[in-house]
Structure formats: C-alpha cells, structure tokens
1. From a point 7 Å beyond the Cα of Thr11 in the direction of its Cβ, which residues of region 70-88 have a backbone N at a distance under 19 Å?
2. Do you know the relative contact order of region 13-148, to the nearest whole percent, from alpha carbon pairs under 8 angstrom that are 6+ apart?
3. Rounded to the nearest 20 debye, what is the charge dipole size of the chain about its Cα centre when +1 sits on each Lys and Arg Cβ and -1 on each Asp and Glu Cβ?
4. Can you give the Rg/Rh ratio of region 8-103, where Rg is from the C-alpha atoms and Rh is the Kirkwood radius?
5. Let me check I have the definition right: for region 1-47, take the eigenvalues of the Cα gyration tensor, multiply each by 5, take square roots. What are those semi-axes in whole Å, largest first?
6. What is the order of Ile72, Ile18, fewest Cβ neighbours within 10 Å to most?
7. Taking Rh as the Kirkwood radius computed over C-alpha pairs, what is the Stokes-Einstein D of region 56-117 at 4 °C in a medium of viscosity 1.567 mPa s, expressed in µm² per second?
8. Multiplying the sequence separation of Lys204 and Ser95 by 0.36 nm and subtracting their Cα-Cα distance, what value in nm do you get?
Amino acid sequence: MTEAEPTAITTLPSTLDITVGESVVLPCQVSHDPSLELKFTWFFNEQLIHFGSHGGYFEKVGGQHSAGDIMIRNIQLRHAGKYTCAVQTKVDSISIAADLVVRGPPGPPTSIHVEGITDTTASLSWRPGPDNHSPITAYTIQARTPFSLGWQAVTTVPEMVGGHRLTATVIDLSPWVEYEFRVLAGNTIGTGEPSKPSKQARTKGTCTYRTLAKNTSRTAL
C-alpha cells in the first residue's frame, strides 16, 4: 500500500499591517495527498472562528480544495491579533499562524486636568491614549458650557497643539462661566474618540465685574 503524501502548508507565516476599514485575505494553502479530504479550521487568538457570525466580518474565500483562505472585511481595531489556520486529514494535522496589526486613529486621551484658570484662559494638561500603531500628530481641544449647543472648538496657545505636547492654554473664554473641556488626538489615519470631560471649572470675574460687585455690596450696607 502506498504511503500517503504528508500534508504541508505552502503559505509562509507573516505579519500583516492593515488600516481600519480595509479588507484583507489571510491565505492558507497546502500541498497534500489528493486521496485525502482536507478540513480547514481558523482560530482568532486561539478562539474558534464561527463563520456567519462575528457581524459578518469573516468570510471563507478559498475556492480550491487545497486552499482555506479567509477574508476579513471592514477591519476594526478589535480584529488585531493572532490568526491560526489548522488543516486536518484522516492521517495528519498541521497549522500556521499570522499576526495581524491594525492601524487606526488614536484612542481617547486620559487624565484631563485644568491646571489654572483666569477670567478668559484655562491651562490644561492630559495624558496620551494608545496611538494604535500610528504616531499621534496633533491634539484638538473642545469646550462646552451650560449655554453652548454641545461641544465647540476653542482657540489655544499654541494655536496648533502638536502630538508631542501634553499641555495647552485655552484663550478667549468668557468670565464667570462654568466650562468643561475635552481633548481629541489625531494621526495620519484620522481623529480618534474624545477624552472624558474634565471637571467643571468656573472662569474668574473680570476686574470690572469684581468692582461692580464690591460697589453693589457697599450700597446694600
């Protein structure tokens, strides 16, 4: 009786570098004894992939009997990780793995603090969130008050807050108003989700306001 040809995966292991929103084919091609039936099974971070679930992101595209390729459509950051193709016959089994790196907009900055506040300015500091494999190039600061329609862009010093900076001063604020601030990070792929809001901080009154309040107080006496 002729000994069966051993099954061998001809695809090389690799690291794939993908951007959020793109699609990619993960190859799994084998040479094998034609008399043996092949069974392809895929795992993501050692968890079995159930095709038809996972929101429809994963699809089998290996049309040939000796190919078990899969496609991941509209890749998201959560799809980064280790993908393993396992091939099994009646007489042997073999597997191969590929690492998928997903690049995307930065994660939200953290630890937003108002370091100092005057009647028209507020000094802010923060810490960077994950850059998601693409360096942070800029930060944007937004503010809201009880009187604003949601979050609004604000003017800062420096005007352009580079990705290496973790502080900035917001200017042109209104006196005696409660502000909340949040920070967004951006890279070459896009702008990420905003940070959690800072604690509310009230700007100080102007000199005119304070003088008026003092005079009013004296009049009341």
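1. 70-76, 79-88
2. 25
3. In debye, rounded to 20, the chain gives about 1620.
4. When Rh is taken as the Kirkwood radius, the ratio is 0.97.
5. Numbers: eigenvalues 183, 27, 17 Å².
They are 30, 12, 9 Å, listed largest first.
6. Details: Ile72 23, Ile18 18.
Starting with the residue having the fewest Cβ neighbours, the order is Ile18, Ile72.
7. Translational D for this selection: 84 µm²/s.
8. Details: separation 109, 0.36 × 109 = 39.24 nm, distance 6.60 nm.
So the extension gain works out to 32.6 nm.
Since every read-out is calculated from the coordinates, none of them should be taken as a lab result. No experiment lies behind these values; they were computed from the predicted model shown. So basically every Cβ, Gly included, is an ideal-geometry build from the backbone, and we count neighbours across all protein chains shown.
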